[in-house]
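The values are calculated or read from the model by the stated rules, or taken from the named source; none is laboratory data. Source: prediction; values computed, not measured. So basically every Cβ, Gly included, is an ideal-geometry build from the backbone, and we count neighbours across all protein chains shown.
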Amino acid sequence: MLKQRIITALILAPLALCGFFLLEGGSFALFIGAVVALGAWEWARLAGFETQSIRVLYATVVAVLLFVLYLLPGLAPWILVAALIWWLAATWLVLTYPESSDHWSSVICKLFIGLLILLPAWQGLVLIKQEPMGNWLILAVMVLVWGADIGAYFSGKAFGKRKLAPKVSPGKSWEGLYGGLAACLVITAVVGISRGWSFPEILFALVCAAIVVLISVVGDLTESMFKRKSGVKDSSNLLPGHGGVLDRIDSLTAAIPVFALLLWAAKDWGVM
């Protein structure tokens with residue numbers, strides 16, 4: 001298993017980095033769209049479809065919707081606001097699982113939730129990429145998510161006692177969450193100080209980092225909730241040793257649209 005994980009990572013990491021940071025405009029949107037379409041194919045399985053034709057159909061519908069969003073950029077604010085509402089609702093659903101599953105157990109509901117997860121993630125990345133420091137901002141949100149994961153792993157392993165969401169993901173603890181959050185706040189503060197930000201700018205960045213980290217945890221737990229309900233361990237076996245695409249991007253699907261909204265807020269409030 002470890003050998004598979006290493007080989008897969010060595011192949012995919014350069015491809016992902018090139019796609020994220022070297023592609024521009026329509027090529028970047030197409031690259032991210034392909035990843036999201038694969039995620040949609042996997043999500044159809046979590047919604048209850050094992051038949052390949054239906055899963056491909058759902059992925060195709062998502063791809064068409066992404067193309068529509070690309071042609072109609074004016075819809076972007078609505079997509080991101082819808083994502084924010086969904087992730088706030090998802091927080092409640094995760095905290096009250098399994099009782100909350102009565103509200104989303106129908107196939108139609110799960111397919112619609114897939115749209116609320118996947119479309120805003122694509123939209124948020126496309127918008128972030130268009131910023132003057134787009135590549136650095138994409139790297140920033142990734143570092144926050146990765147930093148939270150690494151910090152949570154080590155602090156949870158060392159101090160974890162109280163389960164965060166035992167009915168959804170028994171391995172996660174409150175101590176792990178605190179450790180991941182602390183790691184990201186330290187990273188943010190160091191970056192802010194090194195770049196000469198003012199105290200209000202650093203304070204704003206710390207608040208935004210905390211929000212992004214917390215919502216990324218909700219993204220991770222949300223996919224775990226749907227996998228648990230579906231009785232599967234991984235979203236697919238597309239990535240040997242790593243599971244599926246959704247297993248790799250579940251935290252990012254929540255963090256990216258919220259990060260994009262916070263960027264807009266920063267510009268509107270004159271912080272950026």
* To do: Being assigned to a helix (DSSP H, G or I), within 25 Å of ALA13 (Cβ to Cβ) and among the basic types (Lys, Arg) narrows it down to one of LYS227, LYS233, so name that one.
  => LYS227
* In region 105-129, how many residues are farther than 15 Å from ALA37 by Cβ and among the small types (Gly, Ala, Ser)? -> 3
* Return the only residue of VAL186, VAL191, VAL207, VAL218 being within 20 Å of PRO170 (Cβ to Cβ) and in a helix (DSSP H, G or I). => VAL218
* Restricting attention to region 236-254, report how many residues are in contact with a Leu (Cβ under 9 Å, 6 or more places away or on another chain), over 21 Å from GLY151 (Cα atoms) and part of a loop (DSSP other than H, G, I, E, B). => 4
* Asked: Among all residue pairs at least 6 apart or on different chains, which show Cβ distances below 7 Å where the first residue, located in region 34-49, is under 14 Å from LEU119 (Cα atoms) and without any contact (Cβ under 8 Å) to a residue 24 or more places away in the chain and the second is buried (at least 22 other Cβ atoms within 10 Å of the Cβ) and acidic (Asp, Glu)?
  -> none
* Asked: Does region 151-168 include one or more residues that are in contact with a strand residue (DSSP E or B) (Cβ under 7 Å, 6 or more places away or on another chain), of a type outside the set (S, T, N, Q) and part of a helix (DSSP H, G or I)?
  -> yes
* So which of ILE113, ILE128 ends up being touching a Leu at 6+ places or on another chain (Cβ under 6 Å), at negative phi, assigned to a helix (DSSP H, G or I) and at pLDDT 95 or above? -> ILE128
* Go over the candidates ILE85, ILE79 one by one and state the one that is among the β-branched types (Val, Ile, Thr) and touching a Pro at 6+ places or on another chain (Cβ under 6 Å). => ILE79
* Would you mention how many residues in region 13-67 are outside any helix (DSSP H, G or I) and either modelled with pLDDT of 95 or more or more than 28 Å from LYS233 (Cβ to Cβ) (or both)? => 3
* Structure fact -> When restricted to GLU175, GLU99, the only residue among the acidic types (Asp, Glu), crowded, with 18+ Cβ neighbours inside 10 Å and either more than 22 Å from CYS208 (Cα to Cα) or modelled with pLDDT of 95 or more (or both) is GLU175
* Asked: Which residue pairs have Cβ atoms closer than 9 Å, lie 6 or more positions apart in sequence or on different chains, and pair a first residue in region 248-272 that is on the phi > 0 side of the Ramachandran plot and crowded, with 17+ Cβ neighbours inside 10 Å with a second residue that is charged (D, E, K, R) and at pLDDT below 95?
  -> none
* Asked: Of all the residues that make up region 106-155, how many are of a type in the set (Gly, Ala, Ser), surrounded by fewer than 18 Cβ atoms within 10 Å (Cβ to Cβ) and touching a residue at least 24 places away in the same chain (Cβ under 8 Å)?
  -> 0
